[in-house]
Amino acid sequence: MIQTIKTTPFGDQKPGTSGLRNRVSVYQQTNYVENYLQAIFDSLEGFVGQTLVIGGDRRFYNDVAIQTAIRMAAANGFSKVMVGQNGLLSTPAASHVIRHYRAFGGLVLSASHNPGGPDGDFGIKYNVGNGGPAPEKITNAVYDRTQEIDSYKTIDAPDVALDQIGVQRSGDMVVEVIDPVADYAALMETLFDFAAIEDLFASGFTMTFDAMNAITGPYAHAILENRLGAPKGTVKNGAPLPDFGKGHPDPNLVYCKDMFDLLMTAAGPDFGAASDGDGDRNLIIGKYRFVTPSDSLALLAANAHLAPGYKAGIAGIARSMPTSAAADRVAEKLGIAMHETPTGWKFFGNLLDAGRVTICGEESAGTGSNHVREKDGLWAVLLWLNIVAARKQSVDEIVREHWAIYGRNYYTRHDYEEVDATIASKLVDDLRAQLPGLVGQNFGEDLQVAYANDFKYHDPVDGSISVKQGIRIGFANGSRIVLRLSGTGTVGATLRLYLERYEAADGRHDLDTQVALEPLIKLSEQFAGIKQRTGRQEPSVIT
Ligand code: G16
């Protein structure tokens, strides 16, 4: 019954920051999905007789890939697959299901915040038994395997009825179709003071949540409206659609501009939030106050003890290198460890497993904790609501008080998308070559370069080393310029320029961010010449 089908390698199956992302049309090539899945299975050991979790964000091609994955899991020796109803599982929910049911691992079928539909993107990511993205040791092995693969295994079996909750079979393997929301919602209830949040809504607190026609809709309806009593209609765009309603499910100030504009008016609600394609990112906007992801990490860490799940305090904080140092000041005050890792949630896994950190976050709109091993959009929203309920203050008041204690890290990211890949890599190489000569130089009265290097990470838990994780130029006053190439784009190269300036507790906290960072923006153009070399006048996205 097991079939071994001959195939030939594809040259481009190299996992990026978060799994293999590509255009749907690339994924639709004969054997493309099969080769990649077989390369994953071939890179793992000890899964025969074990359980595999499968779920995705409902984007176009999920249905095809999920049925393929089920048949191949059966052929490769898994004894059971657990899959969300209709193939749905948000990334954090998939992480929880893997952990909760002690599965061997899981496949998350998503390209996250990238657009979906036949002309959009698709992606496959493998998560290990701790519920987190596979570490580089595995992703490198998968890539090597894709380069030499000559066959894959499958079975001749009909499609599983993914709309029917309950137990079915694919060949000899058990397939359990589960409610995608129930286990996750139960977990959230253990972490947060649901009664206090219910009271908050009952007292007239208003909120809007944009699920962006992506995976978070069913979770947000169930938790915010059905359990916490937020009025129906609080959740917008709550039905996951294969093309996300032709939207771009990236919760930032570009794609959620309408929400931002609404929150900046007297008529707007008290709180606005959004999540991305697969439900792991978050956007937080209070009335008259956008909270940057870097600030959000710092604020959540400083106030986490107000939520029951964290009332004993947090063990440590981790952030990706380009994320602002706002959280570092919180860690210092709390007397706990702060870890700086490369971009990619997979780098937090070891620290979380070892109990060294409780809360992690990234500038790319991701925050999460040790409750799962992925970033978690709705978790961040619920923790914010818990904090607002406990402090009985607005988001704006909470943010301002934070800055008055810790100072403010002005922060922005400028993205240049779909840049010619050759120009982008030459630009990075040329900047790298300048680094040794920059140290000690003065650029304006308060911009003396303290260090200029390529970020290298030494994992304190398993000793692994990751090199070339972004160029950073740090100044004596705490300002920073960081430049790196994105590992999640699918066309050309995306250059990410991150800019940060620290303003002390007694300094000015009311400047416009782009104005506050203008000297650094100019200086980065002088160093890297992005506009000049790419011919672009402006970044594609400013966050
Ligand atoms: C992924 C990773 C994040 C990373 C982000 C951006 O998020 O999980 O750790 O910060 O990509 O990465 P890059 O700057 O390389 O494009 P997601 O939400 O896309 O899975």
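The values are calculated or read from the model by the stated rules, or taken from the named source; none is laboratory data. This one's a predicted model, so the numbers in the text were calculated from it and none came from an experiment. Glycine gets a Cβ as well: all are built from the backbone with ideal geometry, and neighbour counts include every protein chain shown. Surface areas here come from the heavy atoms of the whole protein model, side chains and all, with no ligands, DNA or RNA. Shrake-Rupley method; radii C 1.70, N 1.55, O 1.52, S 1.80 Å.
The table that follows gives values for the structure above.
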| item | result |
| --- | --- |
| Residue satisfying condition, being within 16 Å of the ligand (Cβ to nearest atom), at pLDDT below 95, assigned by TED's automatic domain parsing to the domain that holds residue 364 and acidic (Asp, Glu), within set 276, 250 | 250 |
| Tally of residues being over 18 Å from residue 409 (Cα atoms), open to solvent by 30 Å² or more (accessible area, probe 1.4 Å) and assigned to a loop (DSSP other than H, G, I, E, B) across the stretch 503-543 | 5 |
| Residue 386, sole failed condition from (1) in contact with an Asp or Glu (Cβ under 8 Å, 6 or more places away or on another chain); (2) open to solvent by less than 10 Å² (accessible area, probe 1.4 Å); (3) within 16 Å of the ligand (Cβ to nearest atom); (4) under 16 Å from residue 301 (Cβ atoms) | (3) |
| From the options 189, 176, residue that is surrounded by fewer than 18 Cβ atoms within 10 Å (Cβ to Cβ) and assigned by TED's automatic domain parsing to the domain that holds residue 378 | 189 |
| Qualifying positions in the stretch 465-497 - open to solvent by less than 50 Å² (accessible area, probe 1.4 Å), in a loop (DSSP other than H, G, I, E, B) and away from the ligand (no atom under 16 Å from the Cβ) | 478, 479 |
| Residue ID - farthest from the chain's Cα centre (by Cα), chosen from residues in the stretch 314-336 that are crowded, with 24+ Cβ neighbours inside 10 Å and more than 16 Å from the ligand (Cβ to nearest atom) | 330 |
| Residue that is nearest to residue 135 (Cα to Cα) [pool: residues in the stretch 8-18 that are more than 8 Å from the ligand (Cβ to nearest atom) and crowded, with 16+ Cβ neighbours inside 10 Å] | 15 |
| Qualifying positions in the stretch 337-356 - away from the ligand (no atom under 15 Å from the Cβ), at negative phi and either in a loop (DSSP other than H, G, I, E, B) or in the same structural domain as residue 464 (by TED's automatic domain parsing) (or both) | 354, 356 |
| Some residue of the stretch 229-238 being over 14 Å from residue 116 (Cβ atoms), free of Cβ contacts under 8 Å to residues at least 24 places away in the same chain, in a loop (DSSP other than H, G, I, E, B) and not assigned by TED's automatic domain parsing to the domain that holds residue 87 | yes |
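Matching residues to (1) in contact with a strand residue (DSSP E or B) (Cβ under 7 Å, 6 or more places away or on another chain); (2) within 13 Å of the ligand (Cβ to nearest atom):
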residue	(1), (2)
105	yes, no
117	no, no
133	yes, yes
137	no, no
153	yes, no
